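Inspection log for the structure reproduced underneath, given as structure tokens.
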Amino acid sequence: MTNLYNLTVAELRKVVAIKEKIEALQSKADSIVGAEGEAPEAAGNGRRKKRRHMSAAARARIGAAQRARWAKSRRAGKAAARAAAPAKKKKRKVSAAARAKLSAIAKARWARVKATGNTKL
């Protein structure tokens with residue numbers, strides 16, 4: 001694009017005339033097609049479309065039906081989760097004798113470590 005500061009007065013007048021022609025053509029195109037780019041038939045000749053209103057009873061029926069669908073899906077999900085969930089394993093308990101044996105092994109291991117002068121295993 002040309003720098004407008006370097007143009008002469010005559011050239012600037014030509015540029016302004018061309019810009020005015022472009023704007024006039026653009027406004028003609030907008031009047032034919034419509035401001036938002038839609039055809040004049042779709043625009044309804046300047047009339048707005050009436051919005052449809054839903055009665056409170058219809059809205060309540062639709063809401064109740066949707067809540068029923070959600071409740072049904074939640075019930076199905078819970079039942080599937082219960083069926084798929086594995087039974088909890090019983091927690092294993094160590095007998096007193098086994099616990100004493102493990103304690104003796106740990107004490108022996110620590111005795112060997114401390115005999116070498118270490119404080120870590």
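Taken together, the values in this text are just the output of simple stated rules run on the coordinates, not laboratory data. Computed from a predicted structure; not experimentally measured. Using ideal geometry, Cβ is built from the backbone for each residue, glycine included, and neighbour counts are taken over all protein chains shown.
Ordering 55, 16, 81 by Cα displacement along the dipole of the chain toward the positive end leaves 81 in first place; charges were set at the Cβ atoms of Lys, Arg (+1) and Asp, Glu (-1). Averaging 1/r over each pair of different alpha-carbon atoms in the chain and inverting the result gives 26.2 Å, the Kirkwood hydrodynamic radius.
Using Cβ point charges alone (K and R +1, D and E -1), the dipole size of the chain about the Cα centre works out to roughly 2840 debye.
Once the Cα-Cα distance is subtracted from the 0.36 nm per residue extended length, the residue 81 to residue 103 segment shows a gain of 3.8 nm.
The stretch between residue 73 and residue 18, if pulled fully straight at 0.36 nm per residue, gains 13.2 nm over its current Cα-Cα span.
Note down the nm distance, to one decimal, between modelled labels 7 Å out along Cα→Cβ at residue 3 and at residue 33. Between residue 3 and residue 33, the simple spin-label model gives 3.5 nm.
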